[in-house]
Amino acid sequence: MALYRDEAVVLRTQKLGEADRIVTLLTRHHGRVRAVAKGVRRTSSRFGSRVEPFMHVDLQLAEGRTLDVITQVETLDAYAGRLGNDYGAYTCGTSMLESADRLVGEDGHPAAQQYLLLVGALRALADRRHPSGLILDSFLLRSLAIAGYAPSFDACARCGVAGPHRAFNPGAGGMLCSDCRLPGSANPAPDTVALLGFLLSGSWPQAEASGDRARREASGLVAAYLQWHLERGLRSLDYVDR
């Protein structure tokens, strides 16, 4: 069997047989990978705790017919332990893992940008660099942009005329001018629209200067935009304190 190494974040796991697990990874060079971790549910396992969700690892895998097999694992960072004592940060991180799993394309295709974005966001959460909710919403917007669903918060998403505009429509791709406005569009406050732009661009001083009302409204619009493009929402978002 051919061997290869890569860095990865563990996104989720599921039981396989009596002692194994199937581990879904977002890797730096091979995109999303599903691999078998043999014997990790036994108490004698050498690396069982290293292939749990939130673990940032360097690992060696053996190519298999249907699923690759994890043969070696070294811990780079254990984000689960650093987030576990903060419910807000932990639930935000869980939503990041689920969205990364859903937004990354076909298994085996490189997704370096998504990988680097996820590692950076988890590190920011663990280090408490910014409010957890802002980190999550920034991550979701930027992950959507990398996946090809970049929202427009300045120019009209349909005709391109320069803003500011008042109508927001997830299906149309963001803000709409008065001529392009669609029925059912939301009317976010100007401060909320500005915050969304800051989160997308990573302008943290401006984002952190926002008020609670703008943050709540922005979170709702981000969730609606994500749900539209994923065709269903993230289950883990239900547990995030908005």
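The values are calculated or read from the model by the stated rules, or taken from the named source; none is laboratory data. No experiment lies behind these values; they were computed from the predicted model shown. Using ideal geometry, Cβ is built from the backbone for each residue, glycine included, and neighbour counts are taken over all protein chains shown. For the accessible areas, the whole protein counts, side chains as well, though only heavy atoms, and no ligand, DNA or RNA atoms are used. Shrake-Rupley method; radii C 1.70, N 1.55, O 1.52, S 1.80 Å.
Heavy-atom accessible surface of the chain, averaged per residue, reaches 49 Å², computed with a 1.4 Å probe. For region 52-108, which whole-number percentage of the solvent-accessible area (1.4 Å probe, protein heavy atoms only) is attributable to carbon and sulfur atoms? The nonpolar share, carbon plus sulfur, comes to 46 percent. Electrostatic bookkeeping for GLY120 treats Lys and Arg as +1 and Asp and Glu as -1; over the other residues with beta carbon under 11 Å from its beta carbon, the sum is +2.
Region 184-242 gives an Rg/Rh value of 0.98, both radii derived from C-alpha positions and Rh following Kirkwood. Separation of region 199-242 and region 93-148, taken as the distance between their Cα centroids, equals 13 angstrom. Hey, if you drop one equal point scatterer on each alpha-carbon of region 97-242 and run the Debye formula without solvent, what base-10 log of I(q)/I(0) do you get at q = 0.11, 0.15, 0.17, 0.22 Å⁻¹? Calculated log10 I(q)/I(0) at the listed q: -0.40, -0.75, -0.96, -1.50. When only Cα pairs below 8 angstrom with a gap of at least 6 residues are kept, the chain shows a relative contact order of 15 percent.
Label-to-label distance, LEU3 versus ALA224, with points set 7 angstrom from Cα along the beta-carbon direction: 5.3 nm.
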